[in-house]
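Asks: Supplied in structure tokens, the structure appears directly below.
The values are calculated or read from the model by the stated rules, or taken from the named source; none is laboratory data. Bear in mind the structure is a predicted one, so any value in this text is a computation, not a measurement. Heads up, the Cβs are rebuilt from the backbone with ideal geometry, glycines too, and the neighbour counts pull from every protein chain shown. Surface accessibility is based on the protein's heavy atoms, side chains included, excluding ligands, DNA and RNA. Shrake-Rupley method; radii C 1.70, N 1.55, O 1.52, S 1.80 Å.
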Amino acid sequence: EILVEILCNVTLFDFECLTVTHPRFLRCLASSLRLQHHHFAQKAGLRDNPDSTVPLNERRNLLVRHEMAWSQGQVVASRNIPVDSPNEITDFSVSGDIMFFPDPSNHRILWFRLPNPSEEVHSSFINLDPEVVMIGNIVRNGDLLVLYVKLQSSASGESKTEIHLLHFPTGNPHPLATRPIILVSNVPSQNQFNLNHMELLEEKVVFISSEKLHTGRSNFMNVDQDYVCVLNWMTGQFLVSVSCTSGPRFI
């Protein structure tokens with residue numbers, strides 16, 4: 001029991017190193033239900049709930065099935081959810097338990113909460129500026145929704161790229177954003193859309209783009225470069241713009 005208590009407080013990596021040094025540790029794993037549960041919970045990246053009323057052997061069995069499903073690529077459950085849109089939707093974003101479907105032809109974003117198997121699905125939508133013609137990444141944190149969008153004027157035909165900071169789920173400008181609409185570029189691009197990736201990190205928005213960017217602090221940058229840009233979404237100020245070589249980039 002003392003050895004099991006000790007092993008339940010070591011990391012998965014350390015435990016696997018111990019099993020290489022002496023077979024006794026493997027025998028401990030084979031004979032201790034508690035240690036097995038701890039081992040598979042660590043492999044799944046989960047923490048035990050000490051208040052759970054589910055028996056330990058059942059929790060262990062669930063973790064074993066979870067591990068086998070991942071290792072064998074098994075789909076434990078699937079569900080088809082109809083999307084209320086007359087147009088084909090080929091892209092989506094998932095943030096927590098919310099799934100977003102860009103629908104630029106109707107100038108809106110469809111969204112719904114990912115349901116449990118027994119729940120009904122209730123989809124909603126957020127209306128966007130009627131000049132929005134393309135929607136890039138959608139990132140969310142709490143009630144903040146950040147959109148990277150391309151707009152085209154119906155009158156002049158001129159296009160521009162902006163970041164929109166919206167309140168979720170109302171779709172109104174976010175009340176904490178000094179500038180809820182931030183200009184990224186108003187130079188026509190030869191490519192359809194040039195956003196590679198975007199992330200939201202506390203009060204900062206980080207994105208990679210090959211647009212000919214306008215940071216608000218300097219002239220337009222070189223169109224042949226990709227740029228990693230950091231801006232403060234609360235103030236609307238660009239903080240950093242760093243050029244990088246073209247090609248796939250991830251933040």
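Asks: Counting just the residues of the stretch 155-178 that are touching a Pro at 6+ places or on another chain (Cβ under 8 Å) and not in a strand (DSSP E or B), which one comes out surrounded by the most Cβ atoms within 10 Å (Cβ to Cβ)?
Replies: Among residues in the stretch 155-178 that are touching a Pro at 6+ places or on another chain (Cβ under 8 Å) and not in a strand (DSSP E or B), the one surrounded by the most Cβ atoms within 10 Å (Cβ to Cβ) is 174.
Asks: What about residue 57, is it farther than 14 Å from residue 8 by Cα and in contact with a helix residue (DSSP H, G or I) (Cβ under 8 Å, 6 or more places away or on another chain)?
Replies: Yes.
Asks: For the stretch 55-73, which positions are surrounded by 10 or more Cβ atoms within 10 Å (Cβ to Cβ) and either touching a His at 6+ places or on another chain (Cβ under 7 Å) or in a loop (DSSP other than H, G, I, E, B) (or both)?
Replies: 55, 56, 59, 60, 63 - these are the residues of the stretch 55-73 that are surrounded by 10 or more Cβ atoms within 10 Å (Cβ to Cβ) and either touching a His at 6+ places or on another chain (Cβ under 7 Å) or in a loop (DSSP other than H, G, I, E, B) (or both).
Asks: Of everything in the stretch 112-131, what is touching a strand residue (DSSP E or B) at 6+ places or on another chain (Cβ under 7 Å) and either open to solvent by 40 Å² or more (accessible area, probe 1.4 Å) or at pLDDT below 90 (or both)? Give them in sequence order.
Replies: 112, 113, 114, 121, 122, 123, 124, 125, 127, 129, 131
Asks: Provide a single number: the residues in the stretch 202-251 that are of a type in the set (Asp, Glu) and modelled with pLDDT under 60.
Replies: 1
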